[in-house]
1. So what J values fall out for region 228-236 if you push phi through Karplus, 6.51 cos²θ - 1.76 cosθ + 1.60 with θ = phi - 60°, rounded to Hz, Gly and Pro as x?
2. Label 7 Å along Cα→Cβ of Arg363; region 263-303 residues with amide nitrogen under 17 Å?
3. Only loop residues by DSSP count here, and only those with at most 14 other Cβ atoms within 10 Å; note down the GluC sites (Glu not before Pro) in region 284-362 that meet that.
4. What are the residues whose amide H is under 5 Å from the amide H of Thr66, where those residues sit 5 or more places off or on another chain and H is modelled from the backbone?
5. Report the residue, chosen from Asn141, Asn24, Asn93, that carries the largest GNM mean-square fluctuation when the chain is represented by alpha-carbon nodes joined by springs under 10 Å.
6. Using a Gaussian network for the chain with springs between C-alpha atoms less than 10 Å apart, which of these wobbles most: Leu134, Leu345, Leu203?
7. Under 5 Å between amide H atoms, partner at least 5 residues away or on a different chain: which partners does Asn219 have, H built in plane at 1.01 Å?
8. For the chain, report the accessible area per residue in Å² (1.4 Å probe, heavy atoms, rounded to an integer).
Amino acid sequence: MSLTAGIVGLPNVGKSTLFNAITNAGAEMANYPFATIDPNVGMVEVPDQRLARIDELIPAKKIIRTTFEFTDIAGIVKGASKGEGLGNKFLENIRQVDAIVHVVRAFDDDNITHVSNKVDPLDDIDTINLELTLADLESINKRYARVEKVARTKDKEAVAEFNVLKKIKPVLEAGKPVRSLEFEEEEQKIVKGLFLLTSKPVLYVANIAEEDMADPSSNSYVQQIQKFAEEEGSQMLAVSAKTEEEIAQLDDADKKDFLEAEGVEESGLDRLIKAAYKLLGLATFFTAGGKETRAWTFKQGMKAPQVAGIIHSDFERGFIRAETFSFEDLDQYGSVTAVREAGRLRSEGKEYVIQDGDIIEFRFNV
Ligand SMILES: Nc1nc2c(ncn2[C@@H]2O[C@H](COP(=O)(O)OP(=O)(O)OP(=O)(O)O)[C@@H](O)[C@H]2O)c(=O)[nH]1
Ligand SMILES: [Mg+2]
């Protein structure tokens with residue numbers, strides 16, 4: 001089930017710097033384009049204030065945060081879909097990820113090379129999105145004639161796929177991403193099987209200067225990116241990758257002091273990690289008390305037995321039921337006993353769809 005968020009953007013915009021800040025993985029960062037060639041993969045811990053509160057009410061020996069995966073990918077340049085720069089190889093790397101974190105340079109610094117020699121966020125976004133669109137168009141065109149032919153024989157699957165291809169092609173030709181289209185459930189399955197780059201959800205990250213951290217929206221680059229993202233129905237976050245990478249080296253107390261001095265409430269990284277987690281459709285459930293209180297990641301929409309299987313395959317195989325209550329109820333009533341007395345403890349069966357914040361004890365028998 002491991003889903004990954006891929007960091008994408010022009011060369012030398014700070015992708016690896018951001019990756020290191022969130023994963024502490026120590027990937028190469030350098031002031032020249034194509035410092036990254038092979039993707040760097042790292043795990044990030046999901047910050048979750050609910051864990052401390054659960055531990056306060058249901059004490060455990062230790063607390064374990066949940067993690068998910070980030071991938072730092074090589075930079076894209078104009079013509080990548082035709083093999084320029086690292087070309088198709090790197091597009092393949094993007095194909096492997098489940099959501100895109102698109103880093104856009106929004107800081108001025110004459111010492112840091114910009115591949116087109118000027119800082120222009122909208123032009124940069126356009127360059128990347130155009131290459132992804134062209135690559136998708138090529139994949140669609142490759143299938144189009146073949147599927148059309150089979151569809152003429154009234155083959156059901158081919159007809160369904162051809163209808164989807166017909167819907168997608170003109171949108172890509174107009175330079176728009178596939179994610180701008182709406183699909184019904186059946187169509188969605190077909191779209192998924194096409195592995196298109198522009199069907200992945202995107203989060204735009206404006207990489208800003210340290211000076212802009214306290215009030216990012218006063219920066220005109222940030223305003224431009226924000227407006228673009230809004231029009232596309234995507235989200236945007238402003239983060240100072242270089243500063244965050246430096247903060248990440250500090251211990252928790254120093255981190256807090258630093259952020260306060262900068263006039264920032266929550267670190268940009270924490271916001272970014274949470275936003276990427278959501279973009280991937282991930283959510284958290286908890287197990288609590290005894291040896292450890294632990295946050296676990298599941299994919300939204302998963303039912304109880306499947307989620308039990310995340311802890312151990314035996315839990316899924318021998319699933320009986322899930323004893324559960326919500327974090328909100330625990331927080332409000334103040335103890336498990338009070339939650340039970342209020343009738344808020346539920347015993348859920350095989351069809352129960354796990355909710356974010358559920359605190360669960362699985363009953364199983366193998
Ligand atoms: N001034 C300034 N420099 C930054 C910032 N973020 C990154 N840099 C610098 O920009 C250069 C490139 O950073 P990287 O993180 O290697 O960029 P990248 O996007 O991974 O580059 P490629 O792997 O070559 O595509 C490094 O010298 C960083 O120190 C920032 O917010 N401000
Ligand atoms: Mg890099």
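1. Karplus values, whole Hz, x for Gly and Pro: 4, 4, 4, 4, 8, x, 9, 9, 10.
2. none
3. Qualifying residues, ordered by number: Glu351.
4. Excluding prolines and chain starts, which carry no amide H, the hits are Val46, Ala295.
5. Asn141
6. Highest fluctuation of the listed residues: Leu345.
7. none
8. Ligands and nucleic acids excluded, the figure is 50 Å² per residue.
The values are calculated or read from the model by the stated rules, or taken from the named source; none is laboratory data. A quick note: this is a predicted structure, and the numbers were derived from the prediction, not measured. Don't worry about glycine lacking a Cβ; one is built from the backbone with ideal geometry, like all the others, and counts go over all protein chains shown. Just so you know, the surface numbers come from the protein's heavy atoms only, side chains and all, with ligands and any DNA or RNA stripped out. Shrake-Rupley method; radii C 1.70, N 1.55, O 1.52, S 1.80 Å.
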